[in-house]
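S.K.: Sharing a structure below in structure tokens format, with a few things to ask.
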Amino acid sequence: MKKLLLTSVLLCSVLFAVFSQVKAEPTPDFDPNFSAVMPVIKITSETENNDFVTKPVAKHVTEQRKTWGDIRNDPAPYYENCKVTVINGDSQAELEAVEAKVKVRGNWTTDYPKKSLRIRFSDKQPLLGMNEGRKNKDWVLLNTYKDWSFMRDATGLYLGKMICPGYTSDFKLAEVYINGEYWGVYVVAELQEVCKDRVNITEPKKDYKGTDIGYFVEYDSYYFAEKNSFTFKSSGSLKDIKGKSVSVPPDAGYAIKNEINSDEQKAFIAKYVENVWKICYEAVYKKKFLEFDSDYKSLVKSDASNAYDCVSKVIDLDSMVAAYILAEVTCDPDLYYSSFYFTVDFGPEGDRKIHFEAPWDFDSTMGNKNFCADGKQLHAAIRQWDVNHKTQNKCNPWMMVFVNEAWFQDAVKDKWHAVQADKPLEKLIAKIDFATENYQQNFTADQKVWKNIGKNDTVGNELCKESANCKNQKQAADRLKKWLNARFAYLDSIW
């Protein structure tokens, strides 16, 4: 019996050595450096009419509303010529009457009275010191309408900066004025786009039609609304960490977020993603190991002898582990649905692997809705509820496929311990406290305009009881902090 036990221990040690090759990177040293005085962004439109920020609704949202009998025919978002002035936290004019175009952006947030916006400057500009002062044309203003703490997008992006090895947008809070009218507090962030200073993958030159370029892809149920998108059917089902079966969402697809120039490029990345999924699924569920041939168009038998060696040829597993941890920490209700990004680069410096990066869209996360509202259960690793919290039969397949693999769970624990060594929770709480203490006047001014805090019906009664009971920003921020403390404690107990 002792000999058998010793053999088992040795075998486990060998397996751990083989499968714990996913290296947990140190926590990135990032600080958003909020100023004590909130910056201000002033937008003056050429027409001096606010219709361009009050009336547009995303076209696919309007179409979906019609299926419910809502006959409103709102215009789709459109650009308006504007001048933009930016006053930084030192009360200095960083930009003065700079030419730009501005439009409404987003999906269902376009249905709110306070809408998210996209700014496109005529020339590249820095903005509030973000991304180390690098200049870009495109920036976004996130409305925070559903998040009464005003801090969930900032917290999610901050955590992404600390956990994820790839790109995560920088962020600030700012007050916005439209044509001289106070418009409230927004989270300012970078546009999710391919460029050297953001999602840094190989960009095709104008009219270049070869497939040896970089691809920036979103797993997105709104894929049909994008110019370049694809989908594929996934056979079989997955097992969540509790052993329950769950199918890959049949309505999910993929949107290509960067500019491509040919049908060949679109067909290539579509087939590549489908085949990577097949490699992962076959390796885990059928112990059948496949790999790409030399032109990355077909699959052949792999010389790999285990799932880790097999899938690590096509996926950067450190980025996947980081994405999984971020998903578990934040408990994103939309995880199975949208705003989940990855890249693959076939350019000269690319490694031809999927990298999960550019995390996004956190206003519904961290216990704001009825999804892990107490912070004390798994989220990404178990069957998810749909966005309306009616049926529990959803999943993000990329986050689910490896959850029952021992090497994956070992990698998650290693990464979590490395992340925790830098005390991210303390940093998150400190930023929430800083904003709450320094920006109360700004949050109060926002509510004099929008008057939505404490009114769950203004966001379709989506918020959980604890969030809906909050009557002001401070209460909502306290609720967020309480949830984060519970969440980190729970994950510490299992990892």
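S.K.: Using Cα positions and a limit of under 18 Å, work out the lysines in reach of Lys481, with same-chain residues fewer than 8 apart set aside.
M.R.: Lys146, Lys369, Lys376, Lys423, Lys427, Lys431, Lys465, Lys471
S.K.: While we're looking at this one, here's another question. How tilted is helix 317-330 with respect to the longest principal axis of the chain? Cα atoms for both, answer in degrees (0 to 90, nearest 10).
M.R.: Long axis of 317-330 versus the principal axis of the chain: about 50 degrees.
S.K.: Nearest 20 debye, what's the magnitude of the dipole of the chain about its Cα centre given +1 on Lys and Arg Cβ and -1 on Asp and Glu Cβ?
M.R.: 1400
S.K.: Given a cut-off of 23 Å, name the pairs among Lys135/Lys172; Lys297/Lys415; Lys42/Lys448; Lys233/Lys266; Lys244/Lys271 whose C-alpha atoms lie farther apart than that in the structure shown.
M.R.: Lys297/Lys415; Lys244/Lys271
S.K.: Once R0 is set to 25 Å, what does the formula 1/(1 + (r/R0)^6) return for the Cβ-Cβ distance between Lys455 and Asn370, expressed as a FRET efficiency to the nearest 0.05?
M.R.: 0.90
S.K.: Grab the beta carbon distance between Glu264 and Glu96, set R0 = 41 Å, and tell me the FRET efficiency rounded to 0.05.
M.R.: 0.35
S.K.: Name the aspartates and glutamates eligible as straight-distance cross-link partners of Lys482: C-alpha to C-alpha under 13 Å, and not fewer than 8 places from it in the same chain.
M.R.: Leaving aside aspartates and glutamates fewer than 8 places away in the same chain, those within reach of Lys482 are Asp374, Glu426, Asp433, Glu466.
S.K.: Loop-only trypsin sites (Lys or Arg not before Pro) in the range 311-359, please: DSSP not H, G, I, E or B, and at most 14 other Cβ atoms within 10 Å.
M.R.: Working: sites: Lys313, Arg352, Lys353; in loops: Lys313, Arg352, Lys353.
Answer in residue order: Arg352.
S.K.: Return, ordered by residue number, the residues of the range 452-494 whose backbone nitrogen is under 19 Å from a label point located 7 Å along Cα→Cβ of Gln441.
M.R.: Counting backbone N atoms under 19 Å from the label point, the list is 473-474.
S.K.: Check the straight Cα-Cα distances from Lys394 and name the aspartates and glutamates below 13 Å, setting aside those fewer than 8 residues away within the same chain.
M.R.: Asp240, Asp251, Asp332, Asp334, Asp386
S.K.: With a point put 7 Å past each Cα toward its Cβ, work out how far Phe224 is from His60 in nm, to one decimal.
M.R.: So the two model labels end up 0.9 nm from each other.
S.K.: Now, a different point. Can you sort Leu141, Leu191 from fewest to most other Cβ atoms within 10 Å of each residue's own Cβ?
M.R.: Final ranking by Cβ density, sparse to dense: Leu191, Leu141.
S.K.: Of Lys137/Lys390; Lys227/Lys278; Lys83/Lys114; Lys257/Lys451, which ones are farther than 30 Å apart at the Cα?
M.R.: Exceeds cut-off: Lys137/Lys390; Lys257/Lys451.
S.K.: At 0.36 nm per residue, and after removing the present C-alpha to C-alpha distance, how many nm does the segment from Val37 to Phe232 gain when stretched out fully?
M.R.: 65.3 nm
S.K.: Let me ask another. Rank these for me by crowding, His355, His389, going from fewest to most other beta carbons within 10 Å.
M.R.: His389, His355
S.K.: Testing the spin-label approximation: label points 7 Å from Cα along Cα→Cβ at Thr85 and Ser245. State their distance in nm.
M.R.: Inter-label distance under the simple model: 6.4 nm.
S.K.: Continuing with the same structure: Give me the angle, in degrees from 0 to 90, between the Cα long axis of helix 440-450 and the longest principal axis of the Cα atoms of the chain, rounded to the nearest 10.
M.R.: 80
S.K.: Let me ask something else. Calculate, for Lys482 and Glu349, the FRET efficiency according to 1/(1 + (r/R0)^6) with r their C-beta to C-beta distance and R0 45 Å; round to the nearest 0.05.
M.R.: E between Lys482 and Glu349, to the nearest 0.05, is 0.50.
S.K.: For helix 263-281, what angle does its Cα long axis make with the longest principal axis of the chain, in degrees from 0 to 90 and rounded to 10?
M.R.: The two axes meet at around 50 degrees.
S.K.: Pop a pseudo-label 7 angstrom from the Cα along the beta-carbon direction at both Leu299 and Glu48 and give the gap in nm to one decimal.
M.R.: In this crude spin-label approximation the distance works out to 6.3 nm.
Laboratory data are not the source of any read-out in this text; all were calculated from the coordinates shown. All figures in this text were calculated on a predicted structure; none of them were measured in a lab. Glycine also receives a Cβ, built like all others from the backbone with ideal geometry; neighbour counts cover every protein chain displayed.
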